[in-house]
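Read the structure below first, then the notes.
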Amino acid sequence: MMTLQQRVHSAKRPEGWTLDKLHRTLNVRRGNKNSGMVDNNLLSLSYGRIIPKDINADGGLLPESFETYQVIEAGDIVMRLTDLQNDKRSLRQGLATERGIITSAYDALHVARDNDPKFWFYSLLALDLAKYYYSIGGGVRQSVKFSDFPNEWIYRPDLPTQKRIAAFLDCETSRIDELILKKERLVSLLQERGDAAREELLWGQGPSTKLGHHISILPGYAFASTNFSENPNDIRLLRGANVGANEVRWDDVVYWPKADIAGLQRFELNAGDIVMGMDRPWISGGIRVAEITEDDLPCLLLQRVCKIAPRSTLSVRFLKAIIESRKFIAYFEPILTGVSVPHISSDQIANFRFPFIDKDEQERRMTKLERITRSIFPITQATQTSIDRLREYRSALIAAAVTGQIDVDTYGKADATATILDQIEDEMHA
């Protein structure tokens with residue numbers, strides 16, 4: 001018979017591991033409401049960890065009463081199986097290390113007798129990393145509950161083996177996480193160096209002027225969604241979701257019929273055009289500004305995205321540097337409008353002020369900035385590649401350990417993790 005581990009991880013049952021049913025091994029806690037405020041130790045699931053929060057703190061989305069929350073115990077596995085369609089990056093489970101209360105929107109699981117909670121936390125994490133949950137919440141379903149999981153056959157080791165595997169993964173993932181953290185700090189330092197160089201070159205001496213005097217702004221057109229097409233031979237519509245930091249992504253595409261293009265030619269984009277997403281204008285990687293390339297064409301400018309074109313007094317490179325600068329982002333923070341979806345307007349962009357310098361000086365400074373960026377980019381790229389490799393290895397190691405595909409006793413003695421980490425380091429410096 002096919003087990004869950006075989007179907008998701010293509011992992012055969014190890015010798016000595018017994019068959020069981022998923023819902024006999026992991027059970028949802030029932031009747032654990034915080035009625036009468038029996039507990040006030042507020043907990044939260046954040047980045048795969050369950051952390052304490054100040055129950056008296058202001059701000060955030062807090063309920064009128066914490067009596068609606070559920071009480072969880074140390075060793076419970078908390079699962080957040082909400083917003084599956086929109087959020088495919090978050091880690092969706094955490095292991096409680098203390099008693100407390102947490103929102104009832106999550107499922108709190110406890111393991112059956114003769115099972116180790118930490119082993120099953122890692123087992124569920126392996127399913128999460130393999131994107132198993134999204135297959136359950138497919139279609140129009142935004143959220144599921146653990147009770148929606150099929151009661152599949154699983155295989156499991158005895159309790160001592162579970163504990164050895166959990167201890168092994170604690171040790172090895174900590175080593176990997178520590179190395180990832182060091183590399184992320186290096187990337188951050190390199191980015192700060194590039195940002196500092198940009199700021200120094202941009203904000204020199206010069207008369208203060210409004211950006212709107214040196215650019216033209218074309219807001220996108222409100223194309224009627226009822227006419228959207230799914231035919232890839234039609235023209236792509238550039239939406240805010242497609243504009244990232246220095247990139248245009250077409251992983252989520254809608255089209256406009258070619259037959260209906262009459263009168264809309266001014267919204268056709270060309271290679272070299274600078275576009276900016278006006279809803280949630282910045283993300284973790286920077287501000288939503290990108291340059292259109294030949295690969296993006298043909299495409300049309302949809303509302304909530306604008307095209308920013310420099311006039312004769314401003315170079316394209318200098319304009320991009322201004323828009324990507326810290327001061328430009330800081331300028332918008334206090335004037336963003338909209339509650340659920342913060343956004344900026346064309347007028348706000350036009351009213352930004354900067355010290356003006358002539359076009360020759362703009363180009364000289366941008367050439368200097370490019371030299372600095374070119375010296376930083378190869379190191380940043382190699383470091384980020386090694387971070388990605390480490391994360392892939394971490395995921396593979398967890399899956400292999402919890403499915404019994406490696407012997408954690410001999411694997412640890414051979415120090416295979418250290419060998420692989422050394423290989424990744426060598427590739428980075430090659």
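The values are calculated or read from the model by the stated rules, or taken from the named source; none is laboratory data. The shown structure was predicted, so the numbers you read here are calculated from the model rather than taken from an experiment. Accessible surface areas use protein heavy atoms only, side chains included; no ligands, DNA or RNA. Shrake-Rupley method; radii C 1.70, N 1.55, O 1.52, S 1.80 Å.
Per DSSP H run of at least 4 residues, take -39500 (n - 2.57); add these up for the chain, divide by its residues and hand me the 222 nm value, nearest 500 deg cm²/dmol.
-12000 deg cm²/dmol
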Notebook entry, point to check: So which of K131/K182; K327/K359; K210/K307; K33/K163; K53/K327 end up more than 23 Å apart by C-alpha?
Noted result: K131/K182; K33/K163; K53/K327
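With all protein chains present and a 1.4 Å probe, how do K163, K145 order by accessible area, largest first?
Heavy-atom accessible area, descending, gives K163, K145.
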Checklist line | For segment 147-236: accessible area per residue (Å², 1.4 Å) | finding: 54
Next item on the list: Compute, for K327, the solvent-accessible surface of its heavy atoms (probe 1.4 Å) with the complete set of protein chains present, and express it in square angstrom to the nearest 10.
Entry: 110
Note to self: Apply the Karplus curve 6.51 cos²θ - 1.76 cosθ + 1.60, θ = phi - 60°, to the phi angles in segment 366-371 and return the couplings in whole Hz, x for Gly and Pro.
What the structure shows: 5, 5, 5, 5, 5, 4
Note to self: With a 10 Å cut-off between alpha carbons and a GNM built on the chain, which of D195, D358, D128 moves the most?
What the structure shows: D358
Checklist line | Protein accessible area in the chain, 1.4 Å probe - carbon and sulfur % | finding: 50
Note to self: Show me, for segment 187-197, the HN-Hα J-couplings you get by feeding each phi into the Karplus relation (A = 6.51, B = -1.76, C = 1.60, θ = phi - 60°), rounded to Hz, glycine and proline as x.
What the structure shows: 4, 4, 5, 5, 5, 5, 5, x, 5, 5, 5
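Roll a 1.4 Å probe over the protein chains and send me the accessible area per residue for segment 4-140 in Å².
Accessible area per residue: 52 Å².
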Notebook entry, point to check: When the chain is modelled as a GNM with alpha-carbon springs shorter than 10 Å, which of L297, L190, L181 fluctuates the most?
Noted result: L297
Item checked: J(HN,Hα) series, segment 45-52, from Karplus relation 6.51 cos²θ - 1.76 cosθ + 1.60, nearest Hz, glycine and proline x -> 8, 9, 6, x, 10, 9, 10, x
Next item on the list: For R394, R371, give the ranking by accessible area with the largest first, probe 1.4 Å.
Entry: R371, R394
